[in-house]
Structures are given as C-alpha cells and as structure tokens.
C-alpha cells in the first residue's frame, strides 16, 4: 500500500465515521476488498473496537481472513457490511463494474463504500492491471450499480494520483453531521525520560528567531501550523492564520489573526486555505509525513519570495526522535523532511539554524509551480521512511548556523532585498541567498548561456560537473547558467542534480543576441577567474577548468583560451549536408563512452573551422574564454551593440579584444577543448549562415573587417593520447607554414 492511499482512507474515516453512529454502535463490520497486508493495510485505521475488520483477497496472504475465489461473488449476506473499503483491488479486477455492484449488494443501508483507485502511475499485474480511473468514472460506476456517489476527489500526489470515492446505497438514510472529534491537548502528560534523553540545546530560542523574522521581513500574511498556546502566533504584526485542532491559547492574539480549529490536512482541503502566505511556520504533528504534507501544501500556495520555517529538525537524543512519544522533549522524525528536501529539492535554499530547543530549518525559494514532490510522493515516502536514524548529522547539528551570527544577518539582508524586487523568481532568490551565505568564495566562475538547449545543456553541465572535471575541488568553482529566454526549457532538476555548485538564472527581457545574458552572468560571478561559454551546447574536456585555474597563476593578467572541435566526422556545416543530425550524434556519443572518460570526445570529433590550424595556431575565436573578473570589467564585458541573432561575430570580437590587451598574456591550453553539439544554431549548425549580415554589423561597429589575432601565445598543459590525430594535423600545418 502506498502512503497517499492510507492517508486518503483515513480522511474518509475522519470525515464520515469518526465520532458518528458507525463508531458508537455495538459492532461495525468493515470489509477490506484486496486487504492482504503486503505493504501495510487499513487495519490500523479500523483495527480497534467497535470495528470488526475483515480482510478479503483473491489469494491467501498476510492478514487475509476471507479468500474470494470469485471476485464477483462475496460470500456474505445482503446489507450485512457497514463499511466496504478498497484501495488496492479495483484496477486488478477485469470486470470491475461487477465487483463494485457486489460491494453495493453487501452494503448496510447506513453504511459507506470508500473506494480508492489509481488514475495514473505504474502497473503491478496482480493478476491483471487493466485500468486507470478518471474523475468521471466513479459517477458512471454509481449509476451502473444503482447507488449514490456522495463525494469524490482526485489526489494530485503521484505516481498513482488516487481517485477517491465515497458511496452510499440509494435507499440510505440522510447523512447526519459527524460531531467534531475530541482532540487531546498537544502537551505531554506522560513521564519524563532519563535526564540525557531530555537534553536541550541551542544558541537562541526559536521564538526569538521567529520574532526577528516578523520584524525584519514584515510578512503580509503569516501562516502557522500548530498553534498550541499561541505564543508564536501572537508575534504576527499583520494578517495571520493559525491552524490547530485543539489550541490552548494563553494570551491575546492580533486583531487580524484567525484560528482554524482543525487539522492541517482538513484545513488545506477547505476554502479557508485559499491564501498566499509569505511567512509560514510548521510546528504541527511531529511525524515526517505530516510535516512533509504541510510543506507541500504551503509551497503550493506561497506568495513570491515566501519564507518557510520548520521546527524540530534536530533531536537532542535518539529517544526524542522516536515516532511513538515517550519523552517530554519530542521532535519525532521531522528530521526526515530535511533529508527529503536535500535530496529531491536542491533548487531550494535550506538553512539549518542552531535554535533552542530542537532547531529550525529556514526554507526559501519556494516555487508553487514545482510539482516534483507531488509527482514522486509515494516512492519518496517509502525511501525516506526507510532511512535509519536519526543520523549523526542531525544529532550533532552539522551545518547549522548560530541565528545570532553575521551569516544569518547576511541571509536576512539578501532576503529583504530580494523580496523588495518586483517578481523576483525563485531561482534568482536562491542564487542571491547562496551568494550571501556562501561558506567559501569560489576561485573560478563559469558562465554558460543557453537558449532552447533541453537536449544539449545537460551534457554540457555534466562535462563541467564535479563528476567529470578532474584536478579541481567542487568548492573551487561555480557554474552559472543563464537561460536566454528559452521557449523549450531544459530540465532544471536534472542539471541541478549533476552539479551542487550550480546557479540557474533567466535573462530578463531576453534578446536574440546572447550578449546581455553573458554580461548578466559575469555580473553574478564570485570567482577571481571567470570563464564564459557563449554557447551552452559545448561539452568541455575533463581538465579544462583545472588547467585554466592553474594557467591563471602564470601571469597577473592572463587571457586563457582553448580550441574548439565539432562532434562528428567534419565541421558541422559540412557534415549536416551529408546526413549528420541529432539522432546520429546521440548514437555517436552513446557509443563513445565519453561520460567515463571525456577525452574520448577527441576520437569522435573534428577541428572546428575557427581552430582549423590545430593546437599551435591562435584560433579565430575561443568558445571558452577565461579572464580575471577585474579584467572583464576593464574591457567593458561583451559589446551589447552586437544585436544580430546569436550575437553575430561578438565572440570573435571579444576574443580579439582580449588578445589585443598589451598588458595581458595570451595562454592557450594544450589538450583541453570544447566539443560542439548539433542544436540548430544560427551560425555553427546553419549550412548557410548569415555571414553577410554578421560581417556588415562588425564593419559598422569596428570600421574594418575582422582579423584573426596574431599575438604569439604561451602554452600550458599536455595532450592526451586521444588527441594525437589532431596533433599530427597541427604539426603538418606548422611544416606547411
């Protein structure tokens, strides 16, 4: 059974059974169709008095009390079952409508059918798996069986996206409102644990941290899950909502504060949740899945620039992290939420705070459009719930910062600045926060510009990632991707998973020329040395970054470049005319083993036209130019007067201007290069590029035709064996000259 199925069945129970006639009668019979306890069952919900829980399935199995030899004939009298439930059977039943009619036959007039079926997701084939159910299906099912569909909803959590239906017989009496359940107080009346089990720690009280967030961020609407005495809720200075099924308020709340006396699950399923909080605090049920659902529901409604804080992420002793409470100080397994977000949402800014008594997690960069957690909810839940714990990192508060520190102040300052900017997107907000908090300034920044490169960019980023770049520590460099207005965007989650040192930004007011995007990327760079890839379709060789960084130490004002290759048998302008295309290139790359050894790319590539002279001739341009950050500024960056599609000859112009600097030293990297992928670009992949337009623009801006730099370079590096063919070509070229 998957987690969302159990939660939906519990929601049915709480809404239609809890505290009502079916729970107060002498005996209530519950028949679970498909109730074998393989991965859990609903017995936990209906296992106590007055329920008599009967699990039925097609074959004997754990917990099965009734074997259905014929799924269309339940061996029970008419109207004998008060609750017929099923969450893992209907899609496996070839003639499901007949099975449902049989459920309706055995249903007591006062009873309910609670039915859960998948609307999407993978199949199991036990014994068949014929169906996925769409929202209208349950209405048609009720019509066929002659019963009434009371309510249905579609759970957006994947991969199965449960369709849930509540049914009654056509002759059922009216539904009487179920009285509100009595919810126990949130305090702890049990005995205390051993002294070491009740240990507390922290640099600053969580209440002081929350108060500072209210004072400095001045939220428009504050949402709090888990109110208890209302001490933290009372800090709200504006509009606020507190959610708690049984608050024990001990003081006055703000004039614009509302209390929703219900569980957070009920709250988020109600119209009351139609709000857009820009500050939220999760301190509800101290179990992983509850806190995770609260996070998901808040993010889906979050205002731009919202900040969310999660309490109880740091148990001070393993006893405090047990799911069944037995200590006064209790965090439950909320620490698992941190593990889930770190693994599955690297796009978020996560800042653990060493707050008393049990730590806080500040989360920023919330993205209401991100559906990843919803889509993978059930497999993620199983994976994270299976983690042993709590881990040493949580018990020892690894990576947590003092909330009274200068670092936290820098983060708050960056938050305030970003929240003041109009419509600051989540990616930009996270980038600003990471720069503000960066524990170590990188030595090297690599700016990569991409436009409609969903296929090519992941390979480029993989080649630049710590997994492939050799001789350089991941903390020594950062990758800055600037999306220049793509209409077919790349998969952000995919490339973020490749490189933890990655920042993604979107160029505001993108133009057909990449130049403004390049200059924007350079402005974001934190490294002393800054490299630029004007074209995000260029895969880098494994030693490019380490050698560029090493070469930069040879001169105070280095101008570092690498030559370029085209994937395929010859230059791509020519190979495209002879049948070379993306499909051919994909097969070529797949067979090369380049991801195991990036130098194998030399074996499946040809020198680009700009680098036709090989290793010992200064190329007409370099597609990986490295200068010191101050040098970029002094040169004025890339000339934004180049406005033709693709930037025209701006890359050649930038290379020539950098090489012409009389105070600089040109250094060419030996054995390192970039490898261009076919992507339909304006120039490189165009058999008939608009060279006339490009040269006319260059003439208009520079007053003369473009000339290849003639400056004599220094060389740094060695050539791998895979590059020897290009070395032979380079030597023969020298002999001809």
Exception for residue 663 within (1) assigned by TED's automatic domain parsing to the domain that holds residue 484; (2) under 40 Å from the mean Cα position of the chain (by Cα); (3) touching a residue at least 24 places away in the same chain (Cβ under 8 Å) falls at (2)
Checked 242, 226 against criteria (out of contact with any strand residue (DSSP E or B) (no Cβ under 6 Å at 6 or more places or on another chain), crowded, with 21+ Cβ neighbours inside 10 Å, at pLDDT 95 or above and not assigned by TED's automatic domain parsing to the domain that holds residue 17); the one match is 226
Expected single match for in the same structural domain as residue 161 (by TED's automatic domain parsing), free of Cβ contacts under 8 Å to residues at least 12 places away in the same chain and surrounded by fewer than 20 Cβ atoms within 10 Å (Cβ to Cβ) among 48, 101, 79 is 48
Subset of segment 384-406, residues touching a helix residue (DSSP H, G or I) at 6+ places or on another chain (Cβ under 6 Å) and within 30 Å of residue 220 (Cβ to Cβ), comes to 401, 403
task: Would you confirm whether any residue within segment 303-318 is in contact with a helix residue (DSSP H, G or I) (Cβ under 6 Å, 6 or more places away or on another chain) and under 16 Å from residue 194 (Cα atoms)?
output: yes
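Could you tell me which residue of segment 19-37 is surrounded by the most Cβ atoms within 10 Å (Cβ to Cβ), considering only residues that are assigned to a loop (DSSP other than H, G, I, E, B) and either in contact with a strand residue (DSSP E or B) (Cβ under 9 Å, 6 or more places away or on another chain) or modelled with pLDDT of 90 or more (or both)?
Restricting to residues being assigned to a loop (DSSP other than H, G, I, E, B) and either in contact with a strand residue (DSSP E or B) (Cβ under 9 Å, 6 or more places away or on another chain) or modelled with pLDDT of 90 or more (or both), the top hit is 35.
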Every listed condition ((1) at pLDDT below 95; (2) surrounded by 24 or more Cβ atoms within 10 Å (Cβ to Cβ); (3) over 23 Å from residue 661 (Cβ atoms)) holds for residue 524 save (2)
If we ask which residues in segment 82-98 are in contact with a helix residue (DSSP H, G or I) (Cβ under 9 Å, 6 or more places away or on another chain) and surrounded by fewer than 18 Cβ atoms within 10 Å (Cβ to Cβ), their number turns out to be 1
If we take segment 422-519, then strands (runs of 3 or more DSSP E) inside it with 3 or more residues that are crowded, with 19+ Cβ neighbours inside 10 Å and within 18 Å of the chain's Cα centre (by Cα) are 477-483, 502-506
Residue 398: passes all of (1) in the same structural domain as residue 595 (by TED's automatic domain parsing); (2) touching a strand residue (DSSP E or B) at 6+ places or on another chain (Cβ under 9 Å) but (1)
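What strands (runs of 3 or more DSSP E) completely inside segment 536-610 contain at least 3 residues that are closer than 17 Å to residue 679 by Cα, in contact with a helix residue (DSSP H, G or I) (Cβ under 8 Å, 6 or more places away or on another chain) and assigned by TED's automatic domain parsing to the domain that holds residue 504?
538-540, 558-567
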Of those in segment 388-411 that are over 23 Å from the mean Cα position of the chain (by Cα) and in a helix (DSSP H, G or I), the residue surrounded by the most Cβ atoms within 10 Å (Cβ to Cβ) is 408
Within segment 718-737, of all residues that are touching a strand residue (DSSP E or B) at 6+ places or on another chain (Cβ under 7 Å) and either assigned to a loop (DSSP other than H, G, I, E, B) or modelled with pLDDT of 95 or more (or both), the one nearest to residue 555 (Cα to Cα) is 718
Going through segment 690-715 in order, the residues found to be free of Cβ contacts under 8 Å to residues at least 24 places away in the same chain and either in a strand (DSSP E or B) or under 44 Å from the mean Cα position of the chain (by Cα) (or both) are 691
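Matching residues to (1) within 19 Å of residue 37 (Cβ to Cβ); (2) at pLDDT 90 or above; (3) touching a strand residue (DSSP E or B) at 6+ places or on another chain (Cβ under 6 Å); (4) outside any loop (DSSP other than H, G, I, E, B):
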| residue | (1), (2), (3), (4) |
| --- | --- |
| 55 | yes, yes, yes, yes |
| 69 | no, no, no, no |
| 97 | no, yes, no, yes |
| 125 | no, no, no, no |
| 129 | no, no, no, no |
| 139 | no, yes, yes, yes |
Of (1) crowded, with 19+ Cβ neighbours inside 10 Å; (2) touching a helix residue (DSSP H, G or I) at 6+ places or on another chain (Cβ under 9 Å); (3) within 25 Å of residue 311 (Cβ to Cβ); (4) not assigned by TED's automatic domain parsing to the domain that holds residue 341, residue 416 fails just (1)
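The values are calculated or read from the model by the stated rules, or taken from the named source; none is laboratory data. What you see is a predicted model; the values in this text were computed from it and never measured. Note: ideal-geometry Cβ built from the backbone for every residue, glycine included; neighbour counts use all protein chains shown.
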